[in-house]
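Inspection log for the structure reproduced underneath, given as structure tokens.
The values are calculated or read from the model by the stated rules, or taken from the named source; none is laboratory data. Bear in mind that the values here come from a model prediction, so they are computed numbers and not experimental data. Please note: Cβ atoms are built from the backbone with ideal geometry, for glycine as well, and neighbour counts cover all protein chains shown.
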Amino acid sequence: MTTHRTALPGFATRVVALILGVHVLLHLSVLAVTQFGVHRDEFLYFGMGRHLRFWRMDFPPLIAIFANASRAVFGDSLASVRVFPMIEGAVLIVLAAAIAREMGGGRFAQALAAVAVLAAPLYMRASTLFQPVILDQIWWTLALFALARLMRTGEPRWWLLVGVALGLGLLTKFSIGFVGVGILAALLLTSDRRMLLTRWPWIAAALALAIGSASVVGQVRLGFPVTGQLRDLQETQLTHVSWISFVSEQPLLIGFVAFVVAVTGAVSLLASARFAPYRIVGLTCVFAFVLLVVLHGKPYYAGPIYPALLAAGAVVFERIRQPKFGMLLRAATLVLVLILGGVALPLAVPILSPEATARYAQRLGIRAAVSTNRGEVDRLPQDYADMLGWEEQARALSTAYRTLTPEEQREAVVIGNNYGEAGAAEFYGRRYGLPPVVSTAGSYWFFGPGQRPGAVVITIGESVPGMRRFYGDVQNAVHLVSPWSVREERDLDVLIARESKSTLQALWRSESGRQ
């Protein structure tokens, strides 16, 4: 292996610290003033934490572990949901600056890479939401950083960090496979394929599988539920994604000027002799991007490749030799990245009211920003609509629960029609004194029916005819309207069902037998 030892510039500690301060201030400000609550998916991940079975989860379990850690510190509050993503977003900013330094970038390059991540709508949104998305971006970026360090120094021990990053990625999302395949393809198509004749890449692969083994074991034990999840995703959401929409939405995700910087970085990594030691990083990103296009991934799935590409592009901009032009271009790039980030801010983080956000989205006229996963156009970004109405649902369930007799309350169970409704009832359950929650939807199916037989249930999102298949007496208890929520959550009935025809445990056994 050829060694590429070069003197690196110092890490721009003060500059990056200032950028991190802006990042933290922004997200704490959103937490302080937002009128939006917990996101539908966040309820699921906190529910996964409550029902954590490390070796028997239908979804990679790291997010559930983080949920439990966050709950232990902050309890069941909005802060418990928002603080961890904010910290993870700060880590991503530091990694982008570190890659810029690794590629020879000085203070400006590190600052531009960090600012581009700070101001990108995609990363602002990801570091607001308690989801695997921001963690996935971190593990990809960490793997690419380790790969860049490996190629520059020639020290094979950096394969170990690649393996750790891929393993943590496997514990987070199965999409880490895209960067893994990208690294392998990049090795095979370059002279660096000789590394595959050493033990180090295989040690890294074994390390990744060992760290991420719980995700694989869970799939095996549960009959590979990921296949059904992918099929449902393909039929309901990915069918609306064409390669044209995938590519055309990339500049919206990270900002138009930042996108130019990233493309500059990609081209330089692939074609510039100065970036030859890091070519494998560029090839990995390109292969991962192409795979996502071919497989009709959602546009934001490509987000993890950009911190490394932004870092490379920032180094290119820093090295422009013409003094006046270079200085002007660098200043303009930084300013425009920040300005465009400011323009996108109300659609990236929920800092305005729902009404003001809808008006702002309408004025900007960016259709993709308010398009749902099913290709429909709404008034709010779907993530925003998915943060509304859930606590009101818990209050409505509590109202219905209080109408039950003491004997019925001791037997009662809440049933949610989807994981958002079930997760919200469980998240707010202690606050509103709700009974145990079950659901047949998604991951909640694998959590099981609980201990109570379901002689009396309170449901939300179900229909009266649907419930009468299982209960003899079904009554409307509360009608709930939430005009800013996602469409399926805007007009709901809370039902009370009695005279059960079977038990929840029997239902779970019969349905399990059919699968």
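Key figures
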| item | result |
| --- | --- |
| Some residue of the range 418-434 being surrounded by fewer than 18 Cβ atoms within 10 Å (Cβ to Cβ) and out of contact with any Phe, Trp or Tyr (no Cβ under 9 Å at 6 or more places or on another chain) | yes |
| Helices (runs of 4 or more DSSP H) contained in the range 397-515 and holding at least 3 residues of a type in the set (Phe, Trp, Tyr) | 443-447 |
| Set Ile280, Ile244: member being part of a helix (DSSP H, G or I), farther than 26 Å from Val335 by Cβ, free of Cβ contacts under 8 Å to residues at least 40 places away in the same chain and of a type in the set (Val, Ile, Thr) | Ile244 |
| Enumerated helices (runs of 4 or more DSSP H) restricted to the range 1-106, each holding at least 1 residues that are of a type in the set (Phe, Trp, Tyr), at negative phi and surrounded by 14 or more Cβ atoms within 10 Å (Cβ to Cβ) | 40-50, 62-74, 78-102 |
| Qualifying residues in the range 112-168 (those that are surrounded by fewer than 24 Cβ atoms within 10 Å (Cβ to Cβ) and of a type in the set (Val, Ile, Thr)) - the one farthest from Leu187 (Cα to Cα) | Ile138 |
| Which listed residue, of Ala361, Ala308, is within 25 Å of the chain's Cα centre (by Cα), surrounded by 13 or more Cβ atoms within 10 Å (Cβ to Cβ), part of a helix (DSSP H, G or I) and at pLDDT 95 or above | Ala308 |
| Selection status of Ala258, part of a helix (DSSP H, G or I), under 21 Å from the mean Cα position of the chain (by Cα) and crowded, with 20+ Cβ neighbours inside 10 Å | yes |
| Residue identified as over 22 Å from the mean Cα position of the chain (by Cα), assigned by TED's automatic domain parsing to the domain that holds Thr459 and buried (at least 21 other Cβ atoms within 10 Å of the Cβ) among Ser439, Ser443 | Ser439 |
| Qualifying positions in the range 311-334 - in a helix (DSSP H, G or I) and free of Cβ contacts under 8 Å to residues at least 12 places away in the same chain | Pro323, Lys324, Phe325, Gly326, Met327, Leu328, Ala331, Ala332 |
